[in-house]
Amino acid sequence: MASNERPRALTDLEVRYLWSALALSGEPESIRIRQSELPRSTYHSIRTRALSQGWVTERYVPDPSRLGRTRVRFALAASMTALGPLPARWEKDPSAAVVWEGSRLAFGVFFPPSNGPAPGKTAARTASAPGVLVESPTDPDSVPIYFDYEGLWAHVVGASGVVRYPAPLSLPLARPPVITARERAALPSLLSQGAFQRTLLSSDRQTRRLLDKQVVRMRTFLNPGALPGYLDRSLDYALFVHGRLKLGTPQELLGLLTAQFHIYPFLFVTVGGEVLLGALGQANRAWPRNEGGSVREGLVNRLDKMTTVAEPLSDLRAVLDHRYTSFASP
């Protein structure tokens, strides 16, 4: 995630590719190419560049609810001194999917197996450093935004609106799909891939079925610390906000951020009145304001015991960048 230099600005063509990759994440590549309005060869050239430069990460992401994973844990540790071995310890946890390490914070996402210890037992060990631990169901009401950067990117580049934002962790589920033995056997290879297959061959029918059943989804994630700026705009720091709702609903809080202040969190978790959100911002910019006050004032008015932790993207690196291979096991 971290990058020591941004040697040049993004071109308009690269911005269009990034918009299509983030706004149409999960759509067939033919649709993303058509909506980007780029020539096919240009689209593929920029996609190759974006992947090789680390601007984006492509993953086949499992839907936890469809694979029997009912809990997810978000851990945030902050310290004014070195965090020590904590991020490395998190990385070794087989249930870890995402681990970020900075000079002052560590952030991790964990999916404990359904037959694992009772909630809270491993969580206490996972979050052994001072900080926040939020354990949540994996349903779309509890995690309505899961590493979705479309809204943020649209705002940064001045797009007219959003297409799919926000993308939840799990899609709504009426009843669990039937997953055959052959489909489950295809999961390890699919979940370990580092980029999408351009074209699914006839031999990839199990992948097609897993996608059709929404057991896995194609997701494109932004790596903002590696991304060059655009015009005079750049993404400079990550901000996490945690607190407990004392006014309104989670949906109203999210509406306040997006509709009134044009802040589009890439992460939003809510369970039992507790809220954890992640956002990205620009350096040397004040908290957004409108006629009703600043966004910080709006958050303070709605969240009890609010804490914020920020880290420059230049100091933040992905120790573990969306690893979902643990879902290959029941």
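The values are calculated or read from the model by the stated rules, or taken from the named source; none is laboratory data. On a predicted model such as this, the values are computed, not experimentally measured, just so you know. Glycine gets a Cβ as well: all are built from the backbone with ideal geometry, and neighbour counts include every protein chain shown.
Could you list, in sequence order, the residues of the range 268-294 that are modelled with pLDDT of 85 or more and farther than 13 Å from residue 250 by Cβ?
Those that are modelled with pLDDT of 85 or more and farther than 13 Å from residue 250 by Cβ: 278, 279, 280, 281.
With respect to the numbered conditions (1) on the phi < 0 side of the Ramachandran plot; (2) in contact (Cβ under 8 Å) with a residue 24 or more places away in the chain; (3) not β-branched (Val, Ile, Thr), which one is the sole condition not fulfilled by residue 85?
So residue 85 meets the others, but not (2).
Which residues, taken from the range 293-321, are on the phi > 0 side of the Ramachandran plot and either buried (at least 16 other Cβ atoms within 10 Å of the Cβ) or touching a residue at least 60 places away in the same chain (Cβ under 8 Å) (or both)?
Once the filter is applied, which keeps residues that are on the phi > 0 side of the Ramachandran plot and either buried (at least 16 other Cβ atoms within 10 Å of the Cβ) or touching a residue at least 60 places away in the same chain (Cβ under 8 Å) (or both), the range 293-321 yields only 305.
If I ask for residues that are farther than 14 Å from residue 315 by Cβ and part of a loop (DSSP other than H, G, I, E, B), which ones from the range 225-249 would you list?
Answer for the range 225-249, where residues must be farther than 14 Å from residue 315 by Cβ and part of a loop (DSSP other than H, G, I, E, B): 227, 228, 229, 231, 232, 234, 246, 247, 248, 249.
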